[in-house]
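Asks: I am attaching a structure below and will ask some questions about it afterwards.
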Amino acid sequence: MTSTEQGRRKYDELADRYEEVFPYVADVGRQLITFAAPQPGWRVLDVGAGRGAVARAALDRGCVVTATDASQGMVARLAADFPDITARQMDAGRLDFPAGSFDLVTAGFVIQVLADPGMALAEAHRVLAPGGMLALSLEKQSVGRLRWLYELASEFFGIPVPDDDDENTGAMTAKKLTVLMTDAGFVDLTAEPVAMPVPLADASALWDWLAPRGLGDAVRSLPDERAEQFRDRFLAGAEDMDTGGGIKLDFQATLHKGLSAAPS
Ligand SMILES: C[S@@+](CC[C@H](N)C(=O)[O-])C[C@H]1O[C@@H](n2cnc3c(N)ncnc32)[C@H](O)[C@@H]1O
């Protein structure tokens with residue numbers, strides 16, 4: 001199976017519960033559209049639209065919205081949930097639209113999941129009318145106050161603890177995205193940070209948050225005794241975090257926009 005097929009299958013499986021698993025995307029979708037500030041009637045293409053966090057915010061502003069996604073499951077839900085949006089299954093790197101078809105291309109939390117982000121940016125540039133706008137959101141991976149949990153995962157699963165400021169991990173960063181957008185022909189780039197705090201009531205709420213996001217499967221894959229040890233250490237770490245200022249997940253993102261320069 002190619003990584004693209006694996007990705008498509010993952011999002012097909014997630015389609016029905018995507019915005020429950022990632023509740024902050026709806027808010028960031030609205031913020032991305034506020035940041036782009038499209039006028040009513042603008043032709044908007046939302047690439048990797050998922051369940052429509054960005055697309056529906058553009059629709060609410062009176063835009064004419066087309067939403068594309070590689071996952072058939074996501075496209076089926078978009079078509080069912082938003083009859084006023086044109087939903088099509090399409091790869092971000094091969095957009096089936098003529099050059100100059102849109103005034104705004106958006107992509108919420110997509111650029112970091114693509115195998116070839118440069119190709120997707122080149123396609124966004126091609127389908128934009130000269131002077132049209134690209135607006136993207138990018139999640140910033142940060143360890144922050146969850147360092148104890150990353151260290152625990154490192155000990156039990158051998159996953160290295162990420163360094164918040166390391167540009168060499170292979171992950172997409174705001175700095176790398178700025179270079180890629182410039183290379184693709186976008187000008188007048190601006191970016192702004194957004195915070196997505198998720199406060200959780202206690203240690204068991206933290207477990208309930210993480211278990212369906214991969215930690216449950218990872219712990220089940222351990223021998224029984226190791227799994228038990230992991231759970232004990234997890235609960236102790238979460239309780240320490242709770243007494244040391246509360247359990248709050250501090251997701252962060254940046255919003256990026258740029259204008260498509262006409263080809264010279
Ligand atoms: C993290 S989700 C973001 C969804 C939505 N934009 C949001 O803000 O909630 C990434 C989306 O990109 C889609 N995707 C992944 N690879 C893609 C590709 N090569 N072309 C188009 N869409 C893709 C996935 O199916 C998924 O819906």
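Asks: Can you confirm whether segment 88-98 contains a residue that is touching a residue at least 40 places away in the same chain (Cβ under 8 Å), within 13 Å of the ligand (Cβ to nearest atom), open to solvent by less than 20 Å² (accessible area, probe 1.4 Å) and under 17 Å from the mean Cα position of the chain (by Cα)?
Replies: yes
Asks: May I ask you to list the residues in segment 219-252 that are touching a helix residue (DSSP H, G or I) at 6+ places or on another chain (Cβ under 6 Å) and of a type in the set (Gly, Ala, Ser)?
Replies: Matches in segment 219-252: Ala227, Gly237, Ala238.
Asks: Considering only segment 118-143, how many residues are of a type outside the set (D, E, K, R), open to solvent by 10 Å² or more (accessible area, probe 1.4 Å) and under 27 Å from Pro197 (Cα atoms)? Even if it seems obvious, please write down each step before you answer.
Replies: Residues of segment 118-143 of a type outside the set (D, E, K, R): 118-122, 124-125, 127-138, 141-143.
Going one step further and asking which of them are open to solvent by 10 Å² or more (accessible area, probe 1.4 Å), we end up with 118-120, 122, 125, 129-131, 133, 141-142.
Filter once more, so that each one left must be under 27 Å from Pro197 (Cα atoms): 141-142.
Residues that pass the stated criteria total 2.
Asks: Additional query: Of the conditions (1) more than 9 Å from the ligand (Cβ to nearest atom); (2) open to solvent by less than 30 Å² (accessible area, probe 1.4 Å); (3) outside any helix (DSSP H, G or I), Leu78 satisfies every one except a single condition; which number is it?
Replies: Among (1) more than 9 Å from the ligand (Cβ to nearest atom); (2) open to solvent by less than 30 Å² (accessible area, probe 1.4 Å); (3) outside any helix (DSSP H, G or I), the lone unmet condition for Leu78 is (3).
Asks: Please enumerate the residues belonging to segment 13-29 that are near the ligand (Cβ under 8 Å from one of its atoms) and open to solvent by 30 Å² or more (accessible area, probe 1.4 Å).
Replies: Tyr18, Glu19, Phe22
Asks: Which pairs have Cβ atoms under 6 Å, sit 6 or more apart or on different chains, and link a residue in segment 29-42 that is β-branched (Val, Ile, Thr) to one that is modelled with pLDDT of 95 or more?
Replies: As it stands, the answer is Ile33/Ala57; Ile33/Ala58, since those pairs meet every condition given.
Asks: A further question follows. May I ask you to list the residues in segment 147-184 that are in contact with a helix residue (DSSP H, G or I) (Cβ under 8 Å, 6 or more places away or on another chain) and at pLDDT below 90?
Replies: The answer is Ile159, Pro160, Val161, Pro162, Asp164, Glu167, Ala171.
Asks: Has segment 138-159 got at least one residue that is within 27 Å of Gly100 (Cβ to Cβ), under 19 Å from the mean Cα position of the chain (by Cα) and not in a loop (DSSP other than H, G, I, E, B)?
Replies: yes
Asks: Could you tell me which of the residues Leu32, Leu45, Leu59 is open to solvent by less than 40 Å² (accessible area, probe 1.4 Å) and outside any strand (DSSP E or B)? Spell out the reasoning first.
Replies: Values: Leu45 fails: outside any strand (DSSP E or B); Leu59 fails: open to solvent by less than 40 Å² (accessible area, probe 1.4 Å).
After ruling out the rest, the residue left standing is Leu32.
Asks: Please state which of the following conditions Asp84 fails to meet, knowing it meets all the rest: (1) within 24 Å of Met196 (Cβ to Cβ); (2) part of a loop (DSSP other than H, G, I, E, B); (3) more than 8 Å from the ligand (Cβ to nearest atom); (4) out of contact with any Cys (no Cβ under 9 Å at 6 or more places or on another chain).
Replies: (1)
The values are calculated or read from the model by the stated rules, or taken from the named source; none is laboratory data. Since this is a predicted model, take the numbers as computed values, not measurements. When we count neighbours, we look across all protein chains shown, and the Cβ atoms used for this are built from the backbone with ideal geometry, even at glycine. Keep in mind that these areas ignore ligands, DNA and RNA; they rest on the heavy atoms of the full protein, side chains included. Shrake-Rupley method; radii C 1.70, N 1.55, O 1.52, S 1.80 Å.
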